[in-house]
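Chemist: Below you will find the structure I want to go over with you.
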Amino acid sequence: YPYNLNLNLDYLDLSALHQFHYNLCINNLGDPFMESNYGVHSRPLEVAVLDWFARLWDLQKDQYWGYITSCGTEGNLHGLLVGRELFPDGIIYASTESHYSVFKAARMYRVKCVKVDSLVSGEINCADFESKLLHNPGSPAIVNVNIGTTVKGAIDDLDGIIATLQKCGFAGRFYIHCDGALAGLMMPFIEQAPKVTFQKPIGSVSVSGHKFIGCPVPCGVVITRREHVNMLSTDIEYLSSRDATIMGSSNGHAPIFLGIRKEVQKCLRNAHYLVHHLREAGVSCASLNPWSNTVVLEGSRDEAFGNIAHVVVMPNVTVEKITSFVEDLANNRANWYQDESVLVPCIAKDIGQENCLCGLHDNQSIKKGIR
């Protein structure tokens, strides 16, 4: 799983947080920008975190609304709910590589969902997206854009998606939610990466807090435009506040731990190191998707979920761990395939023929005595 297990709390002044003892129920009820009638909360810290994320994605204080969610799925549920409220007769479009929570949202909200083909890289196929938009010209489009897919770490072409929507006559009739669970917190710190920004016509962005940041409790952040959320917000007498969240209650401990550390470049370097050493060992693996720390490789013989596996190179995945992993994999692999009747799986359809080192596509496996 793409979790950062290298959590370091040195940046926290824990002595200043004695009032947030773990024995207390710290509940940031309702709207983080409004007081409620529950006194034990960390709302000022939550707002400070949200301000930072809004600036990251180019929204000013008076232009955004958001909250700290329980996880990335809740962020997707909220973003797509805002899209559904804006366009009640809209259709959700999502690539086949999108996170399952996107399709869960479609079922929960009873919104028609159209799956769009993906490229071998894992990113959305804009040609198929155009074709499917033109099949439903009368219905607004609610589009999920992946900023890092679950399996391959692929980044959907946001600019290409916007251009396709406009080309197909959907100007003013679309809503884009960006699911940036992992890579959404990496791309802003990669100089060459395309920007996810509210200066483009997107409606919401969500990320996970327990993945790249490594927050010790599951959490996330969702940011949307302030004008969009007004239709969701309702007065709640029980809370003496307003609420536009999915869950109502939110974890008051999460804002205490949410921070960002500049380890993106290290993760990318180590991911390229892993690809290099897998290839040296004769293991089929995909070239890295741009701006991604997810390496796709052939699965083990015991793998129950198909012929591919992946390694998400997080800050806790060191060069030493990678070297040890590749050595173990190479040794086990030699045992798996010592019987000539057992073939190395062909995964060309998953990673591209040029990256597959099975006996059909590369002689390197035969040179190593593995077919």
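The values are calculated or read from the model by the stated rules, or taken from the named source; none is laboratory data. Everything quoted here is computed from the prediction, not taken from an experiment. In this analysis, Cβ positions are derived from the backbone assuming ideal geometry, glycine residues included, and neighbour counts consider all displayed protein chains. Surface areas here come from the heavy atoms of the whole protein model, side chains and all, with no ligands, DNA or RNA. Shrake-Rupley method; radii C 1.70, N 1.55, O 1.52, S 1.80 Å.
Chemist: With +1 assigned to the C-beta of every Lys and Arg and -1 to the C-beta of every Asp and Glu, and no other charges, what is the dipole magnitude of the chain about the Cα centre in debye, to the nearest 20? Before the final figure, lay out each step's value.
Modeler: Details: 31 positive and 38 negative charges, 66 e Å.
It comes to approximately 320 debye.
Chemist: For the stretch 314-330, in order, what is each residue's ³J(HN,Hα) by Karplus, 6.51 cos²θ - 1.76 cosθ + 1.60 with θ = phi - 60°, in whole Hz (x at glycine and Pro)?
Modeler: 8, x, 7, 8, 8, 4, 5, 5, 4, 4, 5, 4, 5, 4, 4, 4, 5
Chemist: I would also like to ask the following. From largest accessible area down, sort TRP65, TRP52; use a 1.4 Å probe on the protein chains.
Modeler: Values: TRP65 5, TRP52 80 Å².
In descending accessible area the options line up as TRP52, TRP65.
Chemist: No partner Cβ under 4.7 angstrom, meaning no disulfide-compatible partner by this rule: which Cys of the chain qualify?
Modeler: CYS25, CYS71, CYS113, CYS126, CYS168, CYS178, CYS215, CYS219, CYS267, CYS285, CYS356
Chemist: Taking the chain as a Gaussian network, where each spring joins two C-alpha atoms under 10 Å apart, which residue of TYR38, TYR64, TYR93 fluctuates the most?
Modeler: TYR38
Chemist: Connecting C-alpha atoms closer than 10 Å in a GNM of the chain, tell me which of LEU343, LEU80, LEU357 has the biggest fluctuation.
Modeler: Greatest mean-square fluctuation among the candidates belongs to LEU343.
Chemist: Per residue, how much accessible surface does the stretch 24-143 expose to a 1.4 Å probe? Answer in Å², no decimals. Don't skip to the answer; put the middle values down first.
Modeler: Details: 4940 Å² over 120 residues.
Ligands and nucleic acids excluded, the figure is 41 Å² per residue.
Chemist: Oh, and also: Taking amide H positions as placed in the peptide plane 1.01 Å from N, state which residues far from VAL116 in sequence (5 or more) or on other chains have amide H under 5 Å from it.
Modeler: Result for VAL116 returns ALA94, SER95, THR96.
Chemist: So, one more: Taking P(r) over Cα pairs in 20 Å bins from 0, in percent straight from the coordinates, which label in [x] 24, 46, 24, 6, 0; [y] 29, 62, 9, 0; [z] 27, 52, 20, 1 is the correct one?
Modeler: [z]
Chemist: Please turn the phi angles of the stretch 244-250 into ³J(HN,Hα) values with the Karplus equation 6.51 cos²θ - 1.76 cosθ + 1.60 (θ = phi - 60°), one per residue in order, whole Hz, x for glycine and proline.
Modeler: 10, 7, 7, 8, x, 7, 9
Chemist: Can you list the lysines whose alpha carbon sits under 21 Å from that of LYS266, skipping same-chain ones fewer than 8 residues off?
Modeler: In chain and number order, the partners are LYS152, LYS195, LYS211, LYS321.
Chemist: Using a cut-off of 14 Å between beta-carbons, work out the net charge of the residues near TYR273 (Lys and Arg +1, Asp and Glu -1, TYR273 not included).
Modeler: On the way: positive: LYS266, ARG269, ARG279, LYS321; negative: GLU280, GLU320, GLU327.
Every neighbour counted, the sum reads +1.
Chemist: What percent antiparallel are the DSSP beta bridges of the chain, to the nearest 5? Each step should come with its number before you reach the end.
Modeler: Numbers: 23 of 39 bridges.
Of those bridges, close to 60 percent are antiparallel.
Chemist: Specify the inter-centroid distance of the stretch 283-332 and the stretch 43-122, based on alpha-carbon positions, in whole Å.
Modeler: The stretch 283-332 and the stretch 43-122 have Cα centres separated by 29 Å.
Chemist: Leaving out ligands, DNA and RNA but keeping every protein chain, what accessible area does SER118 have, in Å² rounded to the nearest 10, with a 1.4 Å probe?
Modeler: The accessible area comes out at roughly 30 Å².
Chemist: Between HIS361, HIS177, HIS310, where does the largest GNM mean-square fluctuation fall for the chain, given springs only between Cα atoms within less than 10 Å?
Modeler: Among HIS361, HIS177, HIS310, the largest GNM mean-square fluctuation belongs to HIS361.
Chemist: On to the next question. With r as the distance between the Cβ atoms of GLU227 and THR197 and R0 = 30 Å, compute the FRET efficiency 1/(1 + (r/R0)^6) and round to 0.05. Don't skip to the end; give the middle numbers.
Modeler: Working: r = 17 Å, r/R0 = 0.58.
Efficiency, rounded to the nearest 0.05: 0.95.
Chemist: Before I look further, what does the stretch 280-355 give for accessible area per residue, probe 1.4 Å, in whole square angstrom? Could the numbers behind the result be given before it?
Modeler: Values: 3830 Å² over 76 residues.
Heavy-atom accessible area per residue stands at 50 Å².
Chemist: A further question on this structure: Would you work out what percent of the accessible area of the chain, with all protein chains in place, is carbon or sulfur (probe 1.4 Å)?
Modeler: Working: 8940 of 16970 Å².
Answer for the chain: carbon and sulfur cover 53 percent of the accessible area.
Chemist: Ok, one more. Can you list the HN-Hα couplings for the stretch 212-229, worked out from phi with the Karplus curve (6.51, -1.76, 1.60; θ = phi - 60°), rounded to whole Hz and with x for Gly and Pro?
Modeler: Karplus-based 3J(HN,Hα) across the stretch 212-229 equals 5, 5, x, 4, x, 10, x, 6, x, 9, 10, 10, 9, 6, 4, 5, 6, 7 Hz.
Chemist: Moving on. Once amide H atoms are placed 1.01 Å from N in the peptide plane, what residues at a sequence separation of 5 or more from TYR175, or on another chain, have their amide H within under 5 Å of its amide H?
Modeler: For TYR175, the qualifying residues are ALA141, ILE142, VAL143.
Chemist: Taking amide H atoms as placed 1.01 Å from N in the peptide plane, list the residues 5 or more away in sequence, or in a different chain, whose amide H sits under 5 Å from that of CYS358.
Modeler: Correct list: ILE347.
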